[in-house]
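**Student:** I have a structure I would like to understand better, so I am pasting it below and will then ask my questions one at a time.
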Amino acid sequence: MVKRKLYIISLDAFGASDLEFAKTLPHFQEILNRSALVKEVESVYPSLTYVAHTSIATGMNPNRHGIIHNTHRQPERQSPDWYWYAKEIKQATLFDVAKKAGYTTCALLWPVTGKSPSIDYNLAEIFPNRPWQNQVMVSAFASSTKYALEMNKKYGSLRNGIAQPELDEFVTAIAVDTIKTKQPDLLAVHLVDLDSMRHEYGVLSDQAKEAIVRMDRHLGQIIEAMKEMGIYEDTVLAVLGDHYQIDTHTVIRPNHLFLDKGWQTLDRKRNIKDWKVLAKAADGACYIYRKDVSITNKMILDALKGIEGRVETIHSAAEARKMGADEKCLFILEAKPGYYFESDVLYPFMESTAKNLPDRKLHSATHGFSPKKKKYATMLMVSGPGIDKDAVVEKGRLIDEGPTFLHAIGLKFPEVTDGRIIKKIFL
């Protein structure tokens, strides 16, 4: 069987409603004109980047692939470790399937790929989370070491740690170089500029609009490299978003409610040292966990009345499981639009996100919300051999993308996935 190349470009926080502006830009327009379009793609719950990208890569819901949050449950740490490493995924990924089929694979800042044995050219998404670490050290450890060091030597001057928009400039330069010099069969690129700008300035801010313009330029650079190598027409190219964002005005820290009940103890730095009931915030959603069964559901729900009027829904564990979220939680809270959650008790119970704070940043917009929320969908464009460029599909799901991408190149996952092949995009 002739290998058909698959290139996936993830535009973090790009929503269905962004397409209207994006199609006025040259490279988005070029891609859209030759692509099947899924107009509204439903993300997963909670709609966080690492959760979403693992669902794309596995075709599974979070409770099946195991990445149920961006970060681990480490209340004793102000900055918990992220789900950086591929070994934490419980299901086969696109990279595993492609590698087994003899494909050369490359992932650039694709979440949860650290130390993946299935990625030949890997620049893992990771940052230094201990005082003795630096960016080059952790990247070299989690990535394909020789490749990461080579790329950092060539293009490291473009980056400024993990700050945007410099990081996307760095990643795009590496993508172009890798297409030309390594010619991978499977390439997955994660661009994060738009997500960063929306968090800091808001969904419809000028800064977010400028990030979409920069994204268009990066898409153009990648397309140009593909054309130069003569692979543009013969490659299945998927351009997608992982979630959208919603503007905020208030942050809530529910652990204050449990601390007041004596269900938590703190260390001298006001980190949560021990707990009987814990809130693990996921921005627009919030997991509630319980260790002490003598504390009843009613007692916890009574404590949560302290944020009444700010919570849209409290889902049970059974409902969380049905939605694909972590089934080990007791409850999952869904914030009303305008509100979001944080896990710490270091800062006030509630704060306005309009505050100008010199030492920390609150989100002007965020994600993590239920993918069922109105006007919260993302989108998918797919082009290349076997794809019907005139196909327009009204609705799809993030979990459908992995099975669809593998089908497009003649491969499939070893297990039955939660997602289904989007057959309407094929000729």
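No value in this document is a laboratory result; all are computed from the given coordinates. Keep in mind the model is a prediction, meaning the values are calculated, not measured. All Cβ positions, even for glycine, are placed from backbone atoms using ideal geometry, and neighbour counts span all protein chains on display.
**Student:** Number of Lys-Lys pairs in region 247-366 under 15 Å by Cα, sequence gap 8 or more or different chains?
**Tutor:** Going through region 247-366 pair by pair, I get 12.
**Student:** Taking Cα centroids, how far is region 215-290 from region 329-384 in Å?
**Tutor:** 8 Å
**Student:** Quick check on region 247-366: take the gyration tensor over C-alpha atoms, sort the square-rooted eigenvalues as a ≥ b ≥ c, and tell me if it's rounded (a/c under 1.5), prolate or oblate.
**Tutor:** The shape class here is oblate.
**Student:** Could you please report the charge total around Ala13, scoring K, R as +1 and D, E as -1 over all other residues with beta-carbon less than 10 angstrom from its beta-carbon? Show your work: numbers first, answer last.
**Tutor:** Numbers: positive: Arg198; negative: Asp12, Asp18, Asp193, Asp195, Asp242.
Taking every Cβ under 10 Å from that of Ala13, the sum is -4.
**Student:** Still on this structure, please answer the following. Could I get the Rg over Rh figure for the chain? Both from C-alpha atoms, Rh via Kirkwood, rounded to two places.
**Tutor:** 0.96
**Student:** Under the definition of Cα pairs under 8 Å and six or more residues apart, what whole-number percent is the relative contact order of the chain?
**Tutor:** 29 percent
**Student:** Any idea what the relative contact order of region 294-345 is, in percent, if you count C-alpha pairs under 8 Å spaced at least 6 apart? List each step's numbers first, then the result.
**Tutor:** Working: 39 pairs, mean separation 16.8, N = 52.
It comes to 32 percent, rounded to a whole number.
**Student:** Just tell me, in residue order, which DSSP H segments of the chain are both 18 angstrom or longer along the helix axis (alpha-carbon based) and at least 0.0 in mean Kyte-Doolittle hydropathy.
**Tutor:** Helices passing the filter in the chain: 166-181.
**Student:** For Lys153, give me every one of the lysines with a C-alpha distance below 29 angstrom, ignoring sequence neighbours fewer than eight places off in its own chain.
**Tutor:** Here the lysines satisfying the reach criterion relative to Lys153 are Lys5, Lys87, Lys99, Lys115, Lys180, Lys182, Lys227.
**Student:** Which order do the peptides 244-254, 63-73 take when ranked by the mean count of other beta-carbon atoms within 10 Å per residue, highest first?
**Tutor:** 244-254, 63-73
**Student:** Under a GNM of the chain (C-alpha, springs under 10 Å), which listed residue has the highest mean-square fluctuation: Ser118, Ser157, Ser35?
**Tutor:** Ser157
**Student:** Please identify, among Ser79, Ser43, Ser17, the residue showing maximal mean-square fluctuation in a Gaussian network model of the chain using a 10 angstrom Cα cutoff.
**Tutor:** Result: Ser79 has the largest fluctuation of those listed.
**Student:** A further question follows. Once you order the gyration tensor axes a ≥ b ≥ c over the Cα atoms, which shape class does region 111-164 get: rounded for a/c under 1.5, otherwise prolate or oblate by comparing a/b with b/c?
**Tutor:** Working: a/c = 1.70, a/b = 1.19, b/c = 1.43.
Note, shape of region 111-164 comes out oblate.
**Student:** Would you look at the GNM of the chain, springs on alpha carbons closer than 10 Å, and say which of Tyr45, Tyr83, Tyr289 moves the most?
**Tutor:** Tyr289
**Student:** Can you tell me which of 137-147, 294-304 comes out highest on packing, and rank the rest after it, using the mean Cβ neighbours within 10 Å?
**Tutor:** Ranked from most to least packed, the peptides come out as 137-147, 294-304.
**Student:** Compute the relative contact order of region 247-366 as a whole-number percentage, counting only Cα pairs closer than 8 Å that sit 6 or more residues apart in sequence.
**Tutor:** Dividing the mean separation by the residue count of region 247-366 yields 41 percent.
**Student:** To the nearest Å, what is the center-to-center distance of region 411-425 and region 105-158, using C-alpha atoms only?
**Tutor:** About 30 Å separates the Cα centre of region 411-425 from the one of region 105-158.
**Student:** Let me ask something additional. What share of the DSSP beta bridges in the chain is antiparallel, in percent to the nearest 5?
**Tutor:** The antiparallel fraction comes to roughly 55 percent.
**Student:** Using a Debye calculation, one point per C-alpha and no hydration shell, please list log10 I(q)/I(0) for region 260-327 at q = 0.15 Å⁻¹ in order.
**Tutor:** Cα-only, vacuum Debye calculation for region 260-327: -0.56.
**Student:** For region 334-403, rounded, prolate or oblate, judged on the Cα gyration tensor with a ≥ b ≥ c (square roots of eigenvalues), a/c < 1.5 rounded, else prolate if a/b > b/c?
**Tutor:** On the way: a/c = 3.39, a/b = 2.85, b/c = 1.19.
Prolate is the answer for region 334-403, as a/c is 1.5 or above and a/b outweighs b/c.
**Student:** How about Lys209: which lysines have a C-alpha closer than 16 Å to its C-alpha, ignoring those fewer than 8 places off in the same chain?
**Tutor:** Counting by Cα, and skipping residues close in sequence, Lys209 has these lysines nearby: Lys23.
**Student:** Here's something else I'd like to know. If we sort 109-115, 407-413, 320-326, 268-274 on the protection proxy, mean other Cβ atoms within 10 Å, highest first, what's the order?
**Tutor:** Averaged packing, sorted descending, gives the order 109-115, 320-326, 407-413, 268-274.
**Student:** Could you give the dipole magnitude of the chain about its Cα centre, charging the beta-carbon of Lys and Arg +1 and that of Asp and Glu -1, in debye to the nearest 20?
**Tutor:** Roughly 1000 debye, rounded to the nearest 20.
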